[in-house]
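Worksheet: one structure, shown below.
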Amino acid sequence: MLLVEICWRHFHQLVWEKKKKKKKKKKNKNKNKKNKKNKKNKNKNKKNKNKNKRVDRTTGL
């Protein structure tokens, strides 16, 4: 009887884990948009920094 009970619990646990895995996470579209925007701005800033460095080098000569 004990063995059957243990097997039953184990089976339920497996079923529960499978159900858990199937649950899909909702995508947060706004967050993704924000991240894309931030990435673009970061790249812009990098480019501007490089431009400024170049200008500084030429004025130093």
What does the highest-first list of 41-52, 24-35 look like by mean Cβ count within 10 Å?
41-52, 24-35
For ARG9 and ASN45, compute 0.36 nm times the residue count separating them, minus their Cα-Cα distance, and round to one decimal in nm.
7.2 nm
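Coordinate-derived values only; no laboratory data. This structure is a prediction, so every number in the text was calculated from the model and none was measured. No Cβ is skipped: glycine too gets one built from the backbone with ideal geometry, and neighbour counts run over all protein chains shown.
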